[in-house]
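Beneath this line is the structure, given in structure tokens, with notes to follow.
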Amino acid sequence: MTAATPPDSPVPPSGPSARDPGTLLLLVRHGETPTTGTVLPGRAPGLHLSDRGRAQAEQVAERLEGLSVDALYSSPLERACETTEPTSARTGLAVTQDDGLLECDFGEWTGAAIADLAALPEWQTVQHSPSTFRFPNGESFTEMQERIVAAIGALCAAHSGGVVVCFSHADPIKAAVAHTLGTPLDLFQRIVISPGSVSAISFVDGQAPAVLMVNSTSEPLSELRGP
Ligand SMILES: O=C(O)[C@@H](CO)OP(=O)(O)O
């Protein structure tokens with residue numbers, strides 16, 4: 001037999017819009033570059049945003065209007081840092097570079113044409129069994145996932161209860177979203193993260209993290225914090 005709930009008992013919080021808004025993490029993929037989709041740029045220096053990529057960066061800043069942002073972090077690579085610039089200008093917040101948000105270290109595959117890589121037998125492993133794959137003289141997908149998950153965990157802990165915006169890269173963001181959803185790393189290629197897109201994760205004490213948005217390129221972001 002279960003005791004009746006007293007009529008004045010508080011209603012338990014049921015999600016991020018309840019009394020405790022928790023910590024809101026926004027993961028932004030950098031805007032397009034001249035080689036996005038054709039070359040695996042990895043950590044090679046000197047790759048900058050295209051005109052379209054700069055427009056996508058502006059759009060991210062516009063979409064953040066109305067959201068009270070506490071901190072901005074970025075992968076140190078140029079294409080990520082350039083994507084932060086309109087948001088930094090609009091919010092007045094400085095950007096802190098964080099190696100935990102870096103692109104995967106693709107090792108000897110860095111700078112290769114994706115069409116050439118797709119012809120290799122190893123490409124099938126990258127697509128279908130990524131948890132077993134290490135890039136030649138580079139990082140494994142498992143290491144990349146552990147790195148990004150640790151990085152965003154530390155940043156959210158440092159800004160508990162706040163809104164944290166992190167600018168990163170496709171594969172690390174896919175791996176972070178997969179981890180939050182409980183999706184096996186071997187299925188993480190099913191998640192699409194487009195240039196200039198925003199994905200949102202909410203962390204509320206005592207609750208499982210909640211994925212609020214994935215690969216969004218148009219929805220207003222202020223509504224993520226409720227009315
Ligand atoms: O080359 C790509 O498709 C992705 C992989 O993560 O890299 P980036 O997001 O840096 O463009």
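Below, the figures for the structure above:
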item	result
Check on THR96, open to solvent by 20 Å² or more (accessible area, probe 1.4 Å), more than 18 Å from the chain's Cα centre (by Cα) and not aromatic (Phe, Trp, Tyr)	no
Residue within segment 89-111 that is under 19 Å from PRO195 (Cα atoms), more than 16 Å from the ligand (Cβ to nearest atom) and not aromatic (Phe, Trp, Tyr) present	no
Residue match in segment 103-119 (condition: in a loop (DSSP other than H, G, I, E, B), in contact with a helix residue (DSSP H, G or I) (Cβ under 6 Å, 6 or more places away or on another chain) and open to solvent by 20 Å² or more (accessible area, probe 1.4 Å))	no
Filtered residues of segment 179-200 (kept if touching a Lys or Arg at 6+ places or on another chain (Cβ under 9 Å), of a type in the set (A, V, I, L, M, F, W, C) and more than 14 Å from GLY31 (Cα to Cα))	PHE188, ILE191, VAL192
Output for segment 45-88, where each listed residue is among the charged types (D, E, K, R), open to solvent by 10 Å² or more (accessible area, probe 1.4 Å), within 24 Å of ARG147 (Cβ to Cβ) and within 15 Å of the ligand (Cβ to nearest atom)	GLU78, GLU82
Count - residues of segment 180-223 that are more than 12 Å from the ligand (Cβ to nearest atom), within 19 Å of ASP105 (Cα to Cα) and open to solvent by 30 Å² or more (accessible area, probe 1.4 Å)	1
Condition met for PHE167 (farther than 24 Å from CYS81 by Cβ, within 13 Å of the ligand (Cβ to nearest atom), in contact (Cβ under 8 Å) with a residue 24 or more places away in the chain and open to solvent by less than 60 Å² (accessible area, probe 1.4 Å))	no
ALA44 modelled with pLDDT under 95 and not charged (D, E, K, R)	no
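The values are calculated or read from the model by the stated rules, or taken from the named source; none is laboratory data. Since this is a predicted model, take the numbers as computed values, not measurements. Quick reminder, even Gly has a Cβ in these numbers, built from the backbone with ideal geometry, and neighbours come from all protein chains shown. The area values use the complete protein model at the heavy-atom level, side chains included, leaving out ligands, DNA and RNA. Shrake-Rupley method; radii C 1.70, N 1.55, O 1.52, S 1.80 Å.
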